[in-house]
Amino acid sequence: MKDNERRILLGRIVGAFGVRGEIKLESWTEPRSAIFRYQPWILRSPSGQESKLEGARGRDTGKHLVARFPGIEDRDTVEAMHGTEVYVARSALPPPKPDEYYWVDLEGLDVKTTEGVALGQVSHLFSTGANDVVVVRGDRERMIPFVQPDFVTSVDFEANLIVVDWDPEF
């Protein structure tokens, strides 16, 4: 899928905040309040219905991210939205800095060792707090620390390839 067609999951509605239609929002942006910079949003309900939303605004209360959506004025409407996911078009995100990557751009890339042994494709990534980990699925699942240049020696989007310094038996 082309970048301008891809959607990136940035957050989810997790509940109501008060009685006037404010929304508790879980955000996976860094910082979490940055989610409001990337709009319009595509909201996908748990049943799969989608709608476009522009003009969401919010604040970080320290404990929660609290949002206001245009046209949402009561708690019952918010409660009905619980579990709704917040997506944006990939093209809405700024380009990453050199040697930085959006995880979604790495998903699906082939992974080979520096010796040319194919390990599989990137399934997903996750953070351990100490570093990020790339999950590679091929003949089996491998978890490789996304540490450059120690383990990840190169990322080549043109070749659809990540090269890793990794023992294929590990």
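Hey, what did the stretch 111-170 get for relative contact order, percent, Cα under 8 Å, at least 6 apart?
Details: 108 pairs, mean separation 19.1, N = 60.
Result for the stretch 111-170 is 32 percent.
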Query - Gap separating the Cα centres of the stretch 18-76 and the stretch 102-153, nearest whole Å - result: 32 Å
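Treating only the Cβ of Lys, Arg, Asp and Glu as charged (+1, +1, -1, -1), what charge dipole size does the stretch 114-159 show about its Cα centre? Round to the nearest 20 debye. Numbers along the way, then the final one.
Values: 3 positive and 7 negative charges, 41 e Å.
It works out to roughly 200 debye.
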Query raised in the report: In percent, what relative contact order does the chain have, based on Cα pairs under 8 Å that are 6 or more apart in sequence?
Result: 19 percent
**Report entry** Sites excluded, trypsin sites (Lys or Arg not before Pro) in DSSP loops with at most 13 other C-beta within 10 Å, longest stretch of the chain
**Finding:** 64-139
Report summary line: Of all GluC sites (Glu not before Pro) in the stretch 77-170, the ones in DSSP coil with at most 10 other Cβ atoms within 10 Å are Glu100, Glu115, Glu158, Glu169
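Using a 1.4 angstrom probe with every protein chain in place, what is the largest-first accessible-area order of Met81, Met143?
Values: Met81 30, Met143 105 Å².
From most accessible down to least: Met143, Met81.
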Query raised in the report: Extension gain Ala34-Ser91, at 0.36 nm per residue separation less the Cα-Cα distance, in nm?
Result: 19.0 nm
Query raised in the report: In debye to the nearest 20, how big a dipole does the chain give about its Cα centre with +1 on each Lys and Arg Cβ and -1 on each Asp and Glu Cβ?
Result: 940 debye
Query raised in the report: With the dipole of the chain worked out from charges on the C-beta (+1 for Lys and Arg, -1 for Asp and Glu) around the Cα centre, which of Leu10, Ile35, Pro70 lies farthest toward the positive end?
Result: Pro70
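Looking only at the chain, where both bridge partners belong to it, what percent of the DSSP beta bridges are antiparallel (to the nearest 5)?
Details: 43 of 47 bridges.
Within the chain, antiparallel bridges account for around 90 percent of the total.
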Query raised in the report: How far is it, in nm, from the label point at Ser47 to the one at Glu141 when both lie 7 Å from their Cα along the line to the Cβ?
Result: 3.3 nm
Report task. Give the residue from Val152, Gln121, Leu53 lying farthest towards the positive end of the charge dipole for the chain; charges sit on Cβ (+1 for Lys and Arg, -1 for Asp and Glu) and the dipole is referred to the Cα centre. Result -> Leu53
Query raised in the report: Under a straight-distance cross-link criterion of Cα-Cα below 14 Å, which aspartates and glutamates are reachable from Lys97, leaving out those fewer than 8 residues away in the same chain?
Result: Asp105
Query raised in the report: Taking the chain as a Gaussian network, Cα atoms linked when under 10 Å apart, which of Gly108, Gly58, Gly48 shows the biggest mean-square fluctuation?
Result: Gly48
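In the stretch 26-82, what chymotrypsin sites (Phe, Trp or Tyr not before Pro) fall in a loop by DSSP, with at most 16 other Cβ atoms inside 10 Å?
Details: sites: Trp28, Phe36, Tyr38, Trp41; in loops: Trp28, Tyr38.
Passing sites in the stretch 26-82 are Trp28.
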Query - Cα gyration tensor category, rounded, prolate or oblate, for the stretch 1-77 with a/c compared to 1.5 - result: oblate
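The values are calculated or read from the model by the stated rules, or taken from the named source; none is laboratory data. This one's a predicted model, so the numbers in the text were calculated from it and none came from an experiment. Here the Cβ is made from the backbone with ideal geometry for all residues, glycine too, and neighbour counts use every protein chain on show. Just the protein is used for accessible areas: all its heavy atoms, side chains included, with ligands, DNA and RNA removed. Shrake-Rupley method; radii C 1.70, N 1.55, O 1.52, S 1.80 Å.
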